[in-house]
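Just so you know, all these numbers are worked out from the coordinates, no wet-lab data involved. Predicted, not measured: the structure shown is a model, and the values here were computed from it. With ideal geometry, Cβ positions are generated from the backbone for all residues, glycine too; neighbour counts draw on all protein chains shown.
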Amino acid sequence: MKKTPFTDVHIASGAKMHEFAGYNMPVEYSGIIDEHLTVCRGAGVFDVSHMGEFWVKGPKALEFLQSITSNDVSALAAGKAQYTCFPNDRGGIVDDLLVYCCGPEKYLLVVNAGNIRKDWDWCVSHNTAGAELENASDTTAQLAVQGPKAKEILQRLTPVDLSSIPYYSFVTGELAGCKNVIISNTGYTGAGGFELYFYPADAMTVWNAVFEAGKPEGVKPIGLGARDTLRLEMGFCLYGNDLDDTTSPIEAGLGWITKFTDGKRFTHRAELERQKKEGVTRKLVPFEMTEKGIPRHGYEIADKDGNRIGTVTSGTISPCLKKGIGMGYVKPEYAREGTPLYIKIRDKNLKAEVIKAPFRK
């Protein structure tokens, strides 16, 4: 298994480790519920150095990105980021990702760890514009410092005014004495905070500084288990569960990142535009259990008569709500808020209800 710059400190700290996307990653430290609540109430630190980073540069950078991503990259000013996806040529999604605009001819793409090779091959094979591409995944480390106290902790380590960085914006500056750190007001938890990108040589300097600065707030390291429960409470999609090569962004409720602006000709635009106008045969919906039960990925979703109408894509017990929550694809007529659903759990159809995300308000 591959290591991140923090793997040894995870092991030394007693983390429960497991393979993820080819990396030896921490699943939990003190327990998923404790870590989840730590992030919601204070601050936690996630090692997300396994994520992929691609630089796109040169005079053809924007043209390339407009042709390969669903969102309108031309709307980005320097210092802004956007959520988007790579549509494939069958109406599905190659991956979902973030695009950072560092300037008119310099962009950073942050992709999912399990899709680095697939995404890189997709970008290279679709680079008809002639943009300059660089896979910097192995030379970039990343920490996500998340929670309502994250800003206060990080402000002690940087001269950058963190309050001046709006949501989905970033600056490049000094942090913990390290130069050229990308400080981004983004995250996958819904609890607020920042994502930090820096050179692997600075990894332990940043790690140690964050934990020293965060002692008064009780900052803790957080594993991938709580990362998943936190994103699910917000209704954020996970590639491989809620999104994949067969799910379209329109089906997944991501029409807001699928822009059909004049002059933007991205992969399979015509089919996605048709779906937007004519509708789809299934929709991704958030639901919560109204009977006691834990929905899991792959469980069957049924109507009141027991007829199969969909499949659970993500599910867990919400640490904040203390009830089962999940997401799944269902026929459109069952997607309206308040619609009763039935989740087949251990041969029983247990009642649930479609709600409006996020689960954690």
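Over 32 Å between C-alpha atoms is what I'm after, so list which of Lys179/Lys322; Lys80/Lys220; Lys283/Lys322; Lys151/Lys322; Lys80/Lys277 land there. Check vs 32 Å cut-off fails for Lys179/Lys322. Taking the centroid of alpha carbons for each part, the range 35-114 and the range 319-333 are 26 Å apart.
If R0 equals 35 Å, the separation of the Cβ atoms of Arg41 and Lys292 corresponds to a calculated FRET efficiency of about 0.85. Distance between the modelled labels on Glu271 and Arg346, one decimal in nanometres: 4.1 nm (7 Å Cα→Cβ projection). Straight-line cross-link partners of Lys292 among the aspartates and glutamates, defined as a Cα under 17 Å from its Cα and at least 8 positions apart when in the same chain: Glu300, Asp347, Glu353. Please pull out the direction-averaged projected area of the chain, using the convex hull of its alpha-carbon atoms, in nm² to one decimal place. Its Cα hull, projected and averaged over all orientations, spans 17.8 nm².
Inter-part distance, the range 165-199 to the range 274-312, computed on C-alpha centroids, equals 36 Å. With the cut-off at 18 Å, tell me which of the pairs Lys60/Lys106; Lys304/Lys361; Lys60/Lys264; Lys323/Lys351; Lys304/Lys356 have Cα atoms farther apart than that. Violating the 18 Å limit, Cα to Cα: Lys304/Lys361; Lys304/Lys356. Segment Glu212..Glu353, full-extension length gain: 46.3 nm, with 0.36 nm per residue of separation and the alpha-carbon distance subtracted. Note on the chain: with charges restricted to the Cβ of Lys and Arg (+1) and Asp and Glu (-1), its dipole about the Cα centre is near 880 debye. For the range 281-354, a/c is not less than 1.5, where a ≥ b ≥ c are the root eigenvalues of the C-alpha gyration tensor, and a/b tops b/c. That puts it in the prolate class.
Spin-label model, Asn180/Thr281: points 7 Å from Cα along the beta carbon direction are separated by 5.0 nm. One chain, two ends: Asp262 and Ser30. Fully extended at 0.36 nm per residue, the span grows by 78.4 nm beyond their Cα-Cα distance.
Return P(r) of the range 202-361 (all Cα-Cα pairs; 5 Å bins starting at 0; whole %; ordered from short to long distances). Per 5 Å bin, starting at 0, the Cα pair percentages come out as 2, 8, 16, 17, 15, 12, 9, 8, 6, 5, 1, 0. The mean sequence separation of alpha-carbon pairs under 8 Å and at least six residues apart, normalised by the residue count of the range 12-130, gives a relative contact order of 24 percent. Projected label points at Arg117 and Thr172, each 7 Å from Cα along the beta carbon direction, are separated by 3.0 nanometres. The mean sequence distance of close C-alpha pairs (under 8 Å, at least 6 residues apart), as a share of the length of the range 107-210, puts its relative contact order at 27 percent. Determine which lysines satisfy two conditions relative to Lys2: a Cα distance under 20 Å, and not lying fewer than 8 residues away in the same chain. Within the straight-line limit of under 20 Å, Lys2 reaches these lysines: Lys16, Lys118.
Each Cα pair under 8 Å and six or more residues apart adds its sequence gap; the mean of these over the residue count of the range 78-141 is a relative contact order of 22 percent.
Taken as entire DSSP H runs, the helices of the chain never both span 27 Å or more between Cα atoms along their own long axis and average 0.5 or more on the Kyte-Doolittle scale.
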